[in-house]
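Written out below as structure tokens is the structure these notes cover.
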Amino acid sequence: MDTAHAHHATPARVTLNVSGMSCAACQAHVQGALEKTPGVSSAAVNLMTNEATVAFDPAVCDTGGIIRA
């Protein structure tokens with residue numbers, strides 16, 4: 001009997017500076033784009049600090065892909 005084993009990478013977390021946000025709609029747009037990025041498991045965007053904290057699977061995406069989102 002063959003048994004397949006899934007490989008689960010250790011999740012990574014990065015906090016990025018986000019410029020150009022001026023309202024809650026901007027924040028929601030940025031957060032939505034990050035959450036749709038393949039490999040991203042969660043994203044939290046803070047309008048007041050202009051930062052986004054993103055948890056992601058480094059086997060699927062990297063910080064460059066997150067920034068391009």
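The values are calculated or read from the model by the stated rules, or taken from the named source; none is laboratory data. The model shown is predicted, which means the values in this text are computed figures rather than measured ones. With ideal geometry, Cβ positions are generated from the backbone for all residues, glycine too; neighbour counts draw on all protein chains shown. Side chains are part of the model used for accessible areas, which takes the heavy atoms of the whole protein and leaves out ligands, DNA and RNA. Shrake-Rupley method; radii C 1.70, N 1.55, O 1.52, S 1.80 Å.
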- [ ] With the Cα gyration tensor of the chain in hand, convert its eigenvalues to equivalent ellipsoid semi-axes via √(5λ) and list them largest first in whole Å.
- [x] 29, 10, 9
- [ ] Based on the mean of other Cβ atoms within 10 Å per residue, sort peptides 41-54, 14-27 so the most packed one is first.
- [x] 41-54, 14-27
TODO: Could you check the simple spin-label distance between Ala33 and Met48, using points 7 Å along Cα→Cβ, in nm with one decimal?
DONE: 2.4 nm
- [ ] With a point put 7 Å past each Cα toward its Cβ, work out how far Thr15 is from Thr63 in nm, to one decimal.
- [x] 1.3 nm
- [ ] For the chain, with all protein chains present and a 1.4 Å probe, just round the carbon and sulfur fraction of the accessible area to a whole percent.
- [x] 54 percent
Task: Estimated 222 nm signal from helices in the chain, with DSSP H stretches of n ≥ 4 weighted -39500 (n - 2.57), rounded to 500 - done: -7500 deg cm²/dmol
TODO: Compute the signed sum of charges (Lys and Arg +1, Asp and Glu -1) over the other residues within less than 12 Å, Cβ to Cβ, of Phe56.
DONE: -2
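Quick one: accessible area per residue over the chain, 1.4 Å probe, rounded to a whole number of Å²? Please list the in-between numbers first.
On the way: 4820 Å² over 69 residues.
Result: 70 Å² per residue.
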